[in-house]
């Protein structure tokens with residue numbers, strides 16, 4: 001598969017070292033169109049981190065909320081709640097009613113409580129508005145979960161809550177991400193102890209080919225023109241409604257269909273200057289550079305010394321370091337099949353999607369080296385970014 005010929009899969013140790021060195025030297029894609037948009041005091045939540053699983057969301061959450069930075073006396077910004085909660089995932093839970101997510105409705109107030117919002121105890125609409133006017137700037141709120149990234153309804157709920165939240169999306173090469181997430185579930189949750197990742201991938205493709213309408217829906221999505229956000233968003237809505245999407249086993253792979261899933265967010269929610277797309281690989285390899293961009297996106301200022309120190313510490317939250325086991329690594333035939341699946345549904349349009357989002361006012365960081373450098377549109381995307389410096 002062309003898109004991953006130069007990735008680290010199957011590479012020698014020397015090749016990995018050289019590739020890592022080149023990646024560290026690569027310059028981020030910057031654009032003069034990256035304009036800081038002020039944070040809104042009534043945005044609920046102030047910020048969202050929406051994915052992808054095993055893409056660095058937990059690490060980023062910790063970078064932003066750790067006491068050393070959150071309670072830094074030199075911090076000019078409001079803090080997050082003292083004990084912020086990651087994986088609220090409230091908006092993607094079953095039983096959420098959009099009509100009850102409007103201000104002063106029960107589920108809306110429950111969400112404010114989970115966020116640690118200072119106005120979560122307001123008892124009347126007038127008191128809620130007064131609180132937002134006078135007290136909401138005392139704290140920033142943060143919701144972070146990968147489940148939002150592939151939800152077809154969360155952007156709609158969020159649009160009803162607030163049109164001004166800033167969103168950070170993290171993207172990781174989908175085959176590697178699937179293997180990493182499988183290991184996470186096996187080693188930390190004790191799931192699938194009797195099933196290999198090959199077993200799950202085989203069942204995923206079987207579900208695609210046996211459930212009526214899935215193949216047609218996927219082909220319809222693949223046939224959407226690269227710039228047709230409505231077509232892509234509607235296609236993801238249809239795909240999300242199939243039974244195969246109900247199982248965690250299938251979501252392990254289906255959640256990697258970023259190009260379709262992000263179309264729903266682009267159509268219903270994203271606004272210029274309020275979305276940042278981050279290359280997870282660069283985030284892990286050059287975290288100080290990545291955090292410098294994230295801090296500017298969120299707060300419109302340079303990094304504080306405490307933020308730079310934390311970013312440079314090298315620690316990765318929830319990172320599991322184990323020797324690869326045969327059952328956690330895709331066999332060559334299934335790796336090839338999965339790579340070809342993602343090439344058709346993700347990689348062929350990934351850089352066109354990123355280019356369009358950048359033209360729409362999104363911030364983009366990374367995507368300037370492996371494992372993306374053999375994907376269609378890579379050179380044009382990075383050349384266009386450099387020409388705007």
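Here are the numbers for this structure:
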item	result
Which listed residue is crowded, with 23+ Cβ neighbours inside 10 Å, in contact with a helix residue (DSSP H, G or I) (Cβ under 8 Å, 6 or more places away or on another chain) and more than 22 Å from residue 338 (Cα to Cα), from 265, 236	265
Condition check for residue 158: crowded, with 19+ Cβ neighbours inside 10 Å, more than 26 Å from the chain's Cα centre (by Cα), at pLDDT below 95 and in a helix (DSSP H, G or I)	no
Flag if residue 182 is crowded, with 18+ Cβ neighbours inside 10 Å, more than 20 Å from residue 98 (Cα to Cα) and in contact with a helix residue (DSSP H, G or I) (Cβ under 8 Å, 6 or more places away or on another chain)	yes
Test for residue 350: is it in contact (Cβ under 8 Å) with a residue 24 or more places away in the chain, closer than 18 Å to residue 176 by Cβ and part of a helix (DSSP H, G or I)	yes
Candidates 150, 140, filtered to the one that is surrounded by 15 or more Cβ atoms within 10 Å (Cβ to Cβ), at pLDDT 90 or above and in contact with a helix residue (DSSP H, G or I) (Cβ under 6 Å, 6 or more places away or on another chain)	150
Some residue of region 290-301 being surrounded by fewer than 18 Cβ atoms within 10 Å (Cβ to Cβ), touching a residue at least 60 places away in the same chain (Cβ under 8 Å) and under 17 Å from residue 173 (Cα atoms)	no
Residue match in region 309-326 (condition: modelled with pLDDT of 95 or more, under 28 Å from residue 268 (Cβ atoms) and assigned to a helix (DSSP H, G or I))	no
Check on residue 230, surrounded by fewer than 16 Cβ atoms within 10 Å (Cβ to Cβ) and over 18 Å from residue 246 (Cβ atoms)	yes
Odd one out for residue 169 among (1) out of contact with any strand residue (DSSP E or B) (no Cβ under 7 Å at 6 or more places or on another chain); (2) surrounded by 23 or more Cβ atoms within 10 Å (Cβ to Cβ); (3) not in a helix (DSSP H, G or I)	(1)
Residue match in region 269-282 (condition: in a helix (DSSP H, G or I), closer than 30 Å to residue 213 by Cα and under 16 Å from the mean Cα position of the chain (by Cα))	no
Number of the condition not met by residue 330 [criteria: (1) at pLDDT 90 or above; (2) over 23 Å from the mean Cα position of the chain (by Cα); (3) not in a loop (DSSP other than H, G, I, E, B)]	(3)
Out of 67, 51, 55, sole residue that is modelled with pLDDT of 90 or more, in contact with a helix residue (DSSP H, G or I) (Cβ under 6 Å, 6 or more places away or on another chain) and within 30 Å of residue 114 (Cβ to Cβ)	55
Qualifying residue in region 186-206 (condition: surrounded by 14 or more Cβ atoms within 10 Å (Cβ to Cβ) and under 18 Å from residue 349 (Cα atoms))	no
Selection count, region 239-262, where residues are buried (at least 18 other Cβ atoms within 10 Å of the Cβ) and not in a helix (DSSP H, G or I)	4
Residue check for residue 163: free of Cβ contacts under 8 Å to residues at least 12 places away in the same chain, surrounded by fewer than 22 Cβ atoms within 10 Å (Cβ to Cβ) and out of contact with any helix residue (DSSP H, G or I) (no Cβ under 6 Å at 6 or more places or on another chain)	no
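The values are calculated or read from the model by the stated rules, or taken from the named source; none is laboratory data. Bear in mind the structure is a predicted one, so any value in this text is a computation, not a measurement. Note: ideal-geometry Cβ built from the backbone for every residue, glycine included; neighbour counts use all protein chains shown.
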